[in-house]
Amino acid sequence: MVLRLLLLLGGLLRATEPAPRCETGQETLAKCVDIALSSCTDVAYTQMMYPNFLDQKSREVIEYSSEYILISVLHNLLQGECNPDLRLLGCSVLAPQCEKDKVIKPCRHVCENLKKNCLPAFDAIDMAWPYFLDCDRFFAGEEEGCFDPLAKLRGEVDVEEDLPSDLPATFIQFKHHSYSQMVSTLKKTASKCSHIATTYSIGRSFEGKDLFVIEFSTKPGHHELLKPEFKYIGNMHGNEVVGKELLIYLAQYLCSEYLLGNPRIQTLINNTRIHLLPSLNPDGYELAAEEGAGYNGWVIGRQTAQNLDLNRNFPDLTSEAYRRAGIRGARLDHIPIPQSYWWGKVAPETKAVMKWLRSIPFVLSASLHGGELVVTYPYDYSRHPMEEKMFSPTPDEKMFKMLAKAYADAHPVISDRSELRCGGNFVKRGGIINGAEWYSFTGGMADFNYLHTNCFEITVEVGCEKFPLEEELFTIWHENRDALLNYMEMVRLCFYRPA
């Protein structure tokens, strides 16, 4: 169906000659009218003008045009990549902003930046960049007077409840952070520690939210030879929010303690490049947040806006590893992604992580979840598909156990063998367990990290409640703080030992 649609659109766009630019003299001949195009009702302005930059003179002409059909289906064609940015960019051409009966053109630099980031998604489906998004032809420079068609997306990030003016940016508020508050807190923290911190996005969620990362290093933004790369990922399941808050607190803690001269933190940052991604599923978090803190649901908000479980959405390389295990001399690292994987539904959040892993040589990682108090390690998929609970070790079983214990032993509750917790019984195991022995599943992020990039990743269940009350967050932070630091320090003890 998608292939047929691509062929149809390709034919329509090839048959449609690019229209002449709207001349300045024509701009004042018409009047501003309210936007009535269903795919453009969420732009940052309310009025447009006919004819548009393609010389389309009515709503009906636009809605039946191949250009309008294309921006309406781009999110499906590109499987969520660059959504809704491309649609809003297209709307700025098809429904140009109008003020005081004069057209304002969209900014050229916005188009150029988006084209640079999104062109690979078009290449992946053998589709050319749409002619009506020609950055030179239909867009203007800032000196000419232009508007940012993506300003609404950026504006949503900047809205926040400011800290009291007498509190520093690194002051930890033990509260639940909305998406905009999270981004603002990370930006302010990076600004406070600009010599050792920076922020960046690895991509966008299906609903267009940046997957925001804060990085700590002596050379922020740059990989350094022999300096190991480490990452923490939180909120993979949108309703498991504790990991998200812990990583926000951790970012503020690292910044403030480095500035205060804490030797442990300074040694850690001086010798490691640390990446913190507090929320991999911000769309799901919003759904869970609507239920409110204290709601301990297992379903609402867990999945993405596409109804996908991100921890079941990665390529199944574990089955291939089991197949290769019986072949003498076969490698079990850097296993390629099978072509058949791309035939399925792949979330933009998943694609963003895979691209991130290919761009940075991570060696150690942990994903923070909620609903239990235990640390698990690969493999997460059973070596016998019919066995739902089967010990399934990797060739690096001893290393993974040591890494898992590094977190568990530093956590006062997980390491306490005097009581049962959360309904699970991991006391006799020291608070750790092989993932497949707990419960088997395929498409997990930890197995993919290990088999595709050789990055060792564990999964930490940081609390019994998925969405605890705010008054519990202070205690949860103090239970996990030293464990978070201890696990990060393992990157040098295990992988970069001095000669």
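Tally time: how many residues in region 296-343 are of a type in the set (A, V, I, L, M, F, W, C), more than 26 Å from Asn235 (Cα to Cα) and either outside any loop (DSSP other than H, G, I, E, B) or under 20 Å from the mean Cα position of the chain (by Cα) (or both)?
Total satisfying the criteria: 3.
It is to be established whether one or more residues within region 263-278 are buried (at least 24 other Cβ atoms within 10 Å of the Cβ), modelled with pLDDT under 95, closer than 23 Å to Val460 by Cβ and in the same structural domain as Phe474 (by TED's automatic domain parsing).
For region 263-278, residues buried (at least 24 other Cβ atoms within 10 Å of the Cβ), modelled with pLDDT under 95, closer than 23 Å to Val460 by Cβ and in the same structural domain as Phe474 (by TED's automatic domain parsing): absent.
Among the candidates Ile476, Ile414, single out the residue that is under 23 Å from Leu254 (Cβ atoms), hydrophobic (A, V, I, L, M, F, W, C), surrounded by fewer than 21 Cβ atoms within 10 Å (Cβ to Cβ) and touching a strand residue (DSSP E or B) at 6+ places or on another chain (Cβ under 8 Å).
Ile476 is the lone residue from the list that is under 23 Å from Leu254 (Cβ atoms), hydrophobic (A, V, I, L, M, F, W, C), surrounded by fewer than 21 Cβ atoms within 10 Å (Cβ to Cβ) and touching a strand residue (DSSP E or B) at 6+ places or on another chain (Cβ under 8 Å).
Rundown of residues vs (1) assigned by TED's automatic domain parsing to the domain that holds Leu469; (2) closer than 30 Å to Ala305 by Cα; (3) among the acidic types (Asp, Glu), yes/no style:
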{"residue": "Asp316", "(1), (2), (3)": "yes, yes, yes"}
{"residue": "Pro336", "(1), (2), (3)": "yes, yes, no"}
{"residue": "Arg358", "(1), (2), (3)": "yes, yes, no"}
{"residue": "Phe362", "(1), (2), (3)": "yes, yes, no"}
{"residue": "Arg383", "(1), (2), (3)": "yes, no, no"}
{"residue": "Glu388", "(1), (2), (3)": "yes, yes, yes"}
{"residue": "Phe400", "(1), (2), (3)": "yes, no, no"}
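Do any residues in region 81-110 that are closer than 22 Å to Ser201 by Cα have Cβ atoms under 8 Å from those of residues that are aromatic (Phe, Trp, Tyr), where the two are at least six apart or on different chains, and which pairs are they?
As it stands, the answer is Asn83/Phe206; Cys107/Phe139; Cys107/Phe147; Arg108/Phe139; Val110/Phe139, since those pairs meet every condition given.
Is region 252-264 home to any residue that is under 22 Å from Pro361 (Cα atoms) and assigned to a loop (DSSP other than H, G, I, E, B)?
So far as region 252-264 goes, no, none of its residues is under 22 Å from Pro361 (Cα atoms) and assigned to a loop (DSSP other than H, G, I, E, B).
Among the candidates Val346, Val353, single out the residue that is under 18 Å from the mean Cα position of the chain (by Cα), hydrophobic (A, V, I, L, M, F, W, C), assigned to a helix (DSSP H, G or I) and in the same structural domain as Val213 (by TED's automatic domain parsing).
Of the residues listed, the single one that is under 18 Å from the mean Cα position of the chain (by Cα), hydrophobic (A, V, I, L, M, F, W, C), assigned to a helix (DSSP H, G or I) and in the same structural domain as Val213 (by TED's automatic domain parsing) is Val353.
Here are Tyr322, Tyr285: which of them is aromatic (Phe, Trp, Tyr) and surrounded by 20 or more Cβ atoms within 10 Å (Cβ to Cβ)?
Tyr285
Please work out which residue is farthest from Phe230 (Cα to Cα), limiting yourself to region 191-215 and to residues that are outside any strand (DSSP E or B) and in contact (Cβ under 8 Å) with a residue 40 or more places away in the chain.
If we take residues in region 191-215 being outside any strand (DSSP E or B) and in contact (Cβ under 8 Å) with a residue 40 or more places away in the chain, then Glu207 is farthest from Phe230 (Cα to Cα).
List pairs: first in region 318-340 and in contact (Cβ under 8 Å) with a residue 12 or more places away in the chain, second aromatic (Phe, Trp, Tyr), Cβ under 6 Å, 6+ apart or cross-chain?
Thr318/Tyr379; Thr318/Tyr381
Restricting to region 189-213, name every residue that is of a type outside the set (Ser, Thr, Tyr), crowded, with 20+ Cβ neighbours inside 10 Å and either more than 15 Å from Pro282 (Cβ to Cβ) or touching a Gly at 6+ places or on another chain (Cβ under 7 Å) (or both).
Residues satisfying the conditions are Ala190, Cys193, Ile196, Ala197, Phe206, Leu211.
The values are calculated or read from the model by the stated rules, or taken from the named source; none is laboratory data. Predicted model only: the values in this text are computed from it and were never measured. Cβ atoms come from the backbone with ideal geometry, glycine included; neighbour counts cover every protein chain shown.
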